[in-house]
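The values are calculated or read from the model by the stated rules, or taken from the named source; none is laboratory data. Everything quoted here is computed from the prediction, not taken from an experiment. For neighbour counting, all protein chains shown are included, and Cβ atoms are generated from backbone atoms with ideal geometry for every residue, glycine included.
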Ligand SMILES: Nc1ncnc2c1ncn2[C@@H]1O[C@H](COP(=O)(O)OP(=O)(O)OP(=O)(O)O)[C@@H](O)[C@H]1O
Ligand SMILES: [Mg+2]
């Protein structure tokens, strides 16, 4: 199982939209996908039409009150969802009384890892709290969502700083990759900004950029991923391309098979890690 955490401290930059629709594209391609709502706003839960009343949620899993497999729900688009409600905000408080609260999600995911190909974690706009720490502890890849709007680069670089700190503090390495979203190709400003973002992050960016589209808003309002609403539309196609990139990423980062029993197999060169150096200032 490859785990991706969708992060950025900036609110409303498209994290949930990207997480839900990537989950939909991967599941549409027959991958087994677990989407974890790690945001007390519960937007991923709502965007998948899941109305929680008394059912257990991710809060119960993190608190250690319920095993994860009893809490997940099958939702639209063949996605398995670990849902959230606003009660998740309480975890910040209860965590203060726990030992190793930031390891809870990783431990829970390890239990179900054989059942899924991908876990996608939709984080809240806070990159420094215990929920984000849980996400980054569990993640193989942190996907930094960068909205193609004003101050996008500044916000992204700030979040990168936080990610680097968390990585160092927890001694857990995850690769960080950038995904550009809310890209309005009709405006020269957005096109130039995308070029600037590409210049800054280079090969650490996904090739796919998610364009602004009313279809994505409509899909969320209908409680389904865009693949279910309109599989032929441009947004659905973009998420199929992104899913292809994510599948390649998962194959690349898989630990190499042991070759001890086969002394004649050619030695494979290790794949270079694409983790970030410390952020440089941008002009
Ligand atoms: N590519 C897009 N095209 C059109 N609308 C979009 C796109 N991406 C996101 N939106 C819309 O922008 C708003 C914010 O998006 P979203 O909820 O995905 O952001 P977020 O980063 O998860 O926000 P938060 O930080 O509050 O969790 C939503 O109304 C969503 O429908
Ligand atoms: Mg969100």
Query raised in the report: What number goes with the only condition from (1) touching a residue at least 60 places away in the same chain (Cβ under 8 Å); (2) within 16 Å of ligand 2 (Cβ to nearest atom) that residue 243 does not pass?
Result: (2)
Query raised in the report: Would a scan of the stretch 182-204 turn up a residue that is outside any helix (DSSP H, G or I), touching a helix residue (DSSP H, G or I) at 6+ places or on another chain (Cβ under 7 Å) and crowded, with 21+ Cβ neighbours inside 10 Å?
Result: yes
Requested in this report: Give 75, 58 a once-over and let me know the one that is in contact with a strand residue (DSSP E or B) (Cβ under 7 Å, 6 or more places away or on another chain) and either loosely packed, with under 13 Cβ neighbours inside 10 Å or over 23 Å from residue 127 (Cβ atoms) (or both).
Outcome: 75
Query raised in the report: at pLDDT 95 or above, crowded, with 24+ Cβ neighbours inside 10 Å, more than 20 Å from residue 124 (Cβ to Cβ) and more than 13 Å from ligand 1 (Cβ to nearest atom), is that true of residue 4?
Result: no
Query raised in the report: Are any residues in the stretch 95-116 surrounded by 17 or more Cβ atoms within 10 Å (Cβ to Cβ) and outside any helix (DSSP H, G or I), and if so, which ones?
Result: 116
Report task. Residue by residue through the stretch 30-44, note down the ones that are over 20 Å from residue 208 (Cβ atoms), away from ligand 1 (no atom under 12 Å from the Cβ) and buried (at least 19 other Cβ atoms within 10 Å of the Cβ). Result -> 34, 36
Query raised in the report: Would the stretch 49-72 turn up any residue that is over 16 Å from the mean Cα position of the chain (by Cα), within 16 Å of ligand 1 (Cβ to nearest atom) and in contact (Cβ under 8 Å) with a residue 60 or more places away in the chain?
Result: yes
Query raised in the report: Looking at 23, 27, which one is in contact with a strand residue (DSSP E or B) (Cβ under 8 Å, 6 or more places away or on another chain), more than 14 Å from ligand 1 (Cβ to nearest atom) and under 19 Å from residue 222 (Cα atoms)?
Result: 27
